[in-house]
Structure formats: structure tokens, C-alpha cells
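S.K.: Okay, handing you the structure first.
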Amino acid sequence: MIITIQHLRSTSTWTAKSGYCATASRAFFKRHGLDWADFVANGIEEEKLLATNNALAINLVEFARNQAPSQSNQALTEAVAEYK
């Protein structure tokens with residue numbers, strides 16, 4: 001499944017606010033060797049976020065999966081691939 005900037009901006013957090021901080025997210029991407037600009041433009045495969053073993057990244061992936069409950073993760077990945 002492709003995780004997008006829209007997911008990042010609207011995910012649930014431990015505070016009353018929704019979404020993750022862009023500054024901290026950019027730092028996270030840099031720390032893990034991930035391309036922030038490409039993520040903003042195209043999204044990122046969930047496997048790359050899960051590979052970080054970071055609790056917030058895992059929360060983001062789970063949030064994104066729950067946003068599309070009527071589609072399986074594989075079907076969504078295929079739909080995104082066909083769109084590109």
C-alpha cells in the first residue's frame with residue numbers, strides 16, 4: 001500500500017491534534033535514508049516505513065490501511081501502480 005502525505009497530515013496521534021509534524025517527519029525520513037521530496041510527490045510503500053520498526057511509522061501505516069477498509073492492501077497497491 002502507498003502511504004501519502006495526506007495520511008501523514010491526518011493520522012491519529014497521542015494528542016488532540018491530528019497529523020504528524022512536518023519538521024519532525026522530514027528529520028525521520030533523513031535519519032532513515034528515505035526521500036522526503038519523493039514521498040510528498042508520490043507517497044511511499046508501506047514496507048519501507050514498516051522496515052524502520054518505528055512506532056509512529058507503524059501507526060501511520062495502520063491509519064492508512066483503515067482509511068481504505070473496502071479494498072485489500074494488494075488491490076490498493078495494484079490500483080496505485082496502474083495509475084502511475
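Quick note: the coordinates plus some simple rules give every number you see, no bench work behind them. Note that the structure is a prediction, hence the values are computed from the model and not measured. Don't worry about glycine lacking a Cβ; one is built from the backbone with ideal geometry, like all the others, and counts go over all protein chains shown.
S.K.: Once you place label points 7 Å from the Cα toward the Cβ at VAL40 and THR13, how far apart are they in nm?
M.R.: Here the modelled spin labels are 1.8 nm apart.
S.K.: Can you give the extra length, in nm with one decimal, that the chain gains between ASN54 and ALA24 once fully stretched, where that is 0.36 nm per residue apart less the Cα-Cα distance?
M.R.: Working: separation 30, 0.36 × 30 = 10.80 nm, distance 1.32 nm.
Contour length minus the Cα-Cα distance gives 9.5 nm.
S.K.: Could you sort 22-30, 5-13 so that the peptide with the highest average Cβ count within 10 Å comes first and the rest follow in order? Please report the intermediate quantities before stating the final value.
M.R.: Numbers: 22-30: 14.2, 5-13: 16.1.
Output ranking for 22-30, 5-13: 5-13, 22-30.
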